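To start, the structure itself, in structure tokens.
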Amino acid sequence: MVKSILFSSFILFCATIIEASILSNINFLLVVPDLVLICTIYFSLLNGKTIGETTGFISGLFLDFITGMPLGFNCLYRTVICYVTGIFSSTVIITGIFIPVVSVGIATIVKTILVKFVSILFPNTGLFVFGLISPQFLFEFIENIILAPFLFRFLGFFKSYLAIKTTQDKVSNV
């Protein structure tokens, strides 16, 4: 379990650096895709709610420190999202295209709603929170669901380091 959390934390730190320093400086991107959210959703679906909430909290800490947000802002809603996602870890198959797209799409919607509510607790941050019916949300939503299957596939290469226990993937007879 410790090995999984440490390796997940390293991947989350790298994703945070890529998201905050490289992707945020690309001019033609209206909104930066949330690579950290996609990674934490993968970790939650792979290992369950305990690892999900832990990696969600760690990813929130990384984002809070690197982006300069008040401590706990990102931790709060990412912990909730990853805990709830981890509940479904035993019932879904994370390989393929459908589950990554649907799970990351739902998580992006929930993230936008929770950021709206959490920003009420941090009124003096100067944070611009966009709504569900905005070009920024739609652009981030599309970016996230397009990147989700590719990032899930990439993280699948490190499954032996990320998984708490080794399990065989469920194979459907179609």
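Does any residue of the stretch 70-92 turn out to be farther than 21 Å from Ile18 by Cα, among the small types (Gly, Ala, Ser) and at pLDDT 90 or above?
Looking for residues that are farther than 21 Å from Ile18 by Cα, among the small types (Gly, Ala, Ser) and at pLDDT 90 or above, one finds at least one in the stretch 70-92, hence yes.
Pick out the one residue from Leu46, Leu12, Leu37, Leu61 that is modelled with pLDDT of 90 or more, surrounded by fewer than 21 Cβ atoms within 10 Å (Cβ to Cβ) and among the hydrophobic types (A, V, I, L, M, F, W, C).
Leu61
Output the number of the condition that Ser8 fails; it satisfies all remaining conditions of (1) over 11 Å from the mean Cα position of the chain (by Cα); (2) more than 17 Å from Gly156 (Cβ to Cβ); (3) touching a residue at least 12 places away in the same chain (Cβ under 8 Å).
Among (1) over 11 Å from the mean Cα position of the chain (by Cα); (2) more than 17 Å from Gly156 (Cβ to Cβ); (3) touching a residue at least 12 places away in the same chain (Cβ under 8 Å), Ser8 violates only (2).
Report yes if some residue within the stretch 99-120 is in contact with a Phe, Trp or Tyr (Cβ under 7 Å, 6 or more places away or on another chain) and farther than 24 Å from Ile58 by Cβ; otherwise report no.
No: the stretch 99-120 contains no residue that is in contact with a Phe, Trp or Tyr (Cβ under 7 Å, 6 or more places away or on another chain) and farther than 24 Å from Ile58 by Cβ.
List every residue pair whose Cβ atoms sit under 6 Å apart, with the two residues 6 or more apart in sequence or on different chains, where the first one lies in the stretch 128-154 and is under 24 Å from Leu12 (Cβ atoms) and part of a helix (DSSP H, G or I) and the second, anywhere, is open to solvent by 50 Å² or more (accessible area, probe 1.4 Å) and among the hydrophobic types (A, V, I, L, M, F, W, C).
Pairs that qualify, where the first residue is under 24 Å from Leu12 (Cβ atoms) and part of a helix (DSSP H, G or I) and the partner is open to solvent by 50 Å² or more (accessible area, probe 1.4 Å) and among the hydrophobic types (A, V, I, L, M, F, W, C), are Phe139/Leu30; Pro149/Ile97.
Can you give me the number of residues within the stretch 69-109 that are out of contact with any Ser or Thr (no Cβ under 9 Å at 6 or more places or on another chain) and open to solvent by less than 60 Å² (accessible area, probe 1.4 Å)?
10
Here's a check for you: in the stretch 135-152, which residue that is surrounded by fewer than 14 Cβ atoms within 10 Å (Cβ to Cβ) and at pLDDT 90 or above is nearest to Ile51 (Cα to Cα)?
Phe150
Based on what the data block shows, is Phe117 assigned to a helix (DSSP H, G or I) and buried (at least 16 other Cβ atoms within 10 Å of the Cβ)?
no
Can we say Val102 is modelled with pLDDT of 90 or more, β-branched (Val, Ile, Thr), under 15 Å from the mean Cα position of the chain (by Cα) and under 24 Å from Ile5 (Cβ atoms)?
So Val102 does not fit the description; no.
The values are calculated or read from the model by the stated rules, or taken from the named source; none is laboratory data. In this text, all values refer to a predicted model and were calculated from it rather than measured experimentally. Glycine gets a Cβ as well: all are built from the backbone with ideal geometry, and neighbour counts include every protein chain shown. Areas reflect the complete protein model, heavy atoms only, side chains present, ligands, DNA and RNA absent. Shrake-Rupley method; radii C 1.70, N 1.55, O 1.52, S 1.80 Å.
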